[in-house]
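Novice: Following this message is one structure expressed as structure tokens.
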Amino acid sequence: MQNSAENIIELYNTYVMKTYAWNPIVIVKGKGSWVWDINGRKYLDFFPGWAVSGLGHCNAEVARAIRKQASTLIHMPNNFMTELQPLLAKKIIENSFRGKCFFCNSGAEANETAFKIARKYGSTTGRYEIITMKKSFHGRTLAAVTATGQEKYHKGFEPLVPGFKYVEFGNKDELAKAVTGKTVAVMLEPIQGEGGINVSGKDYLMYVKGLCDKHDMLLILDEIQTGMGRTGRMFAYQHYDVEPDVMTLAKTLGGGIPIGAAVAGGKACDVLEPGNHASTFGGNPLACAAALAVFEVIGKEGFLDKTAEKGNYLRKKLESLKSRYPFIREVRGIGLMLGMELSIDGGGIFNECLKKNLIINCTSGNVLRFVPSMTVKKSEIDMAIDITDEVLKSIS
Ligand SMILES: Cc1ncc(COP(=O)(O)O)c(C=O)c1O
């Protein structure tokens, strides 16, 4: 069978579970901020890999590290030690807070690890409840989807995992009232991604941290989307000087190779003991080699400052669109994690941008999400803004 777009689409429809709303475009190649489809058409990707390809598609240094490791040792199970896993753990800790890491393969699994740490931490005092935020997103496994404070993701999968409660993001009183003698942790994203680029802010995060300390609860920060440099700091909590007890990572961490991590410090650090938790693939040499290369790139002198600078540049451009189109309500976010809230539906705008070879994302129905690679060029930002402008003009 010839490899045409039509054939691939037919294979998908016949053999792959339709859990995604596929765009009928077959991508065969990526480089930097660009991807190419099977017919040679080129797209500017401002939502690369759902924020996984934070260093651009096929980053040369990451690809080199993967190639080298692939011909040395791809996998060993975790009952043996390998060279790179502790080096990666050290790298994460040196860039965050004193603690230890557990490696897995995805964001949802990293969050599952955080839930297990919280449950185990509370088990001696009979506490198990975890408070999460409305509009949050924490993944699709059963506990992670339960932690996700959005009913649309729960429908059809009840009964959900017991012990999760939701409060309004940013509402201190509601959070304080939700804490009971059974509560063991509060979990949130420093900036809600899928929920519409909602920024928590220093005041709120400090309040949550204070409340957690007061009630001996764990503060769990989901940095799966915000982490690894995207906001102009290695981790978003570093904008606020509020250290979590547990932090979860994935997405950009592996530069495209699946890897997740839960990082636990202080009282949460040694909660999990031998036999409590495991992952067959977690932190294997190939994934760790990729992640170490990602740290190498992000750790280069000036890289994070440049990310912040490009974020400001993109933000100003989005603000200038806001000044011209009355249906743009707000531009928000930090660094290169930006959202534009509209007073109209954004789904059509996503489709029109795609027709003009620009990939963005629309979340929560009316928030356009711009999360380009941190290696994006200013000229590419200009191009993306010009295309978005054309589309907005055509609908206004
Ligand atoms: C904040 C956040 N947490 C968790 C997840 C789930 O990650 P994964 O799809 O790797 O399980 C995502 C994915 O979009 C996310 O954005």
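Novice: Yes or no: region 322-329 includes at least one residue that is crowded, with 23+ Cβ neighbours inside 10 Å and either more than 16 Å from the ligand (Cβ to nearest atom) or not charged (D, E, K, R) (or both).
Specialist: So far as region 322-329 goes, no, none of its residues is crowded, with 23+ Cβ neighbours inside 10 Å and either more than 16 Å from the ligand (Cβ to nearest atom) or not charged (D, E, K, R) (or both).
Novice: Take the conditions in contact with a strand residue (DSSP E or B) (Cβ under 8 Å, 6 or more places away or on another chain), under 20 Å from W22 (Cα atoms) and not in a strand (DSSP E or B) and apply them to C353. Does it pass?
Specialist: yes
Novice: Also, I was wondering about something else. Working only within region 136-150, note down all residues that are within 11 Å of the ligand (Cβ to nearest atom) and either touching a Ser or Thr at 6+ places or on another chain (Cβ under 9 Å) or touching a residue at least 40 places away in the same chain (Cβ under 8 Å) (or both).
Specialist: S136, F137, H138, G139, R140, T141, A147, T148
Novice: Hey, among Y166, Y153, which residue is within 12 Å of the ligand (Cβ to nearest atom), more than 30 Å from N312 (Cα to Cα), surrounded by fewer than 23 Cβ atoms within 10 Å (Cβ to Cβ) and not basic (K, R)?
Specialist: So the residue among Y166, Y153 that is within 12 Å of the ligand (Cβ to nearest atom), more than 30 Å from N312 (Cα to Cα), surrounded by fewer than 23 Cβ atoms within 10 Å (Cβ to Cβ) and not basic (K, R) is Y153.
Novice: Let me spell it out: the conditions are (1) touching a residue at least 40 places away in the same chain (Cβ under 8 Å); (2) crowded, with 23+ Cβ neighbours inside 10 Å; (3) within 13 Å of the ligand (Cβ to nearest atom), and G229 meets all of them except one. Which number is the exception?
Specialist: Of the numbered conditions (1) touching a residue at least 40 places away in the same chain (Cβ under 8 Å); (2) crowded, with 23+ Cβ neighbours inside 10 Å; (3) within 13 Å of the ligand (Cβ to nearest atom), the odd one out for G229 is (3).
Novice: Could you pull out the residue among L358, L368, L354 that is in contact (Cβ under 8 Å) with a residue 60 or more places away in the chain and crowded, with 20+ Cβ neighbours inside 10 Å?
Specialist: Testing whether each residue is in contact (Cβ under 8 Å) with a residue 60 or more places away in the chain and crowded, with 20+ Cβ neighbours inside 10 Å leaves just L358.
Novice: Okay, next question. If a residue must be within 17 Å of G229 (Cβ to Cβ) and surrounded by 13 or more Cβ atoms within 10 Å (Cβ to Cβ), how many such residues does region 66-100 contain?
Specialist: Qualifying residue count for the region: 7.
Novice: Might you check whether a residue that is within 30 Å of M187 (Cβ to Cβ), modelled with pLDDT under 95 and within 16 Å of the ligand (Cβ to nearest atom) occurs anywhere in region 21-36?
Specialist: Yes, the conditions are met somewhere in region 21-36.
Novice: If you take the residues in region 243-262 that are assigned to a loop (DSSP other than H, G, I, E, B) and within 10 Å of the ligand (Cβ to nearest atom), which one is farthest from S96 (Cα to Cα)?
Specialist: Residue satisfying both the conditions and the ranking: P258.
Novice: Separate question: For M206, state whether it is assigned to a helix (DSSP H, G or I) and aliphatic (A, V, I, L, M).
Specialist: yes
The values are calculated or read from the model by the stated rules, or taken from the named source; none is laboratory data. Since the structure is predicted, the reported quantities are computational estimates derived from the model, not experimental observations. Counting neighbours? That spans all protein chains shown, and the Cβs are built from the backbone with ideal geometry, glycine included.
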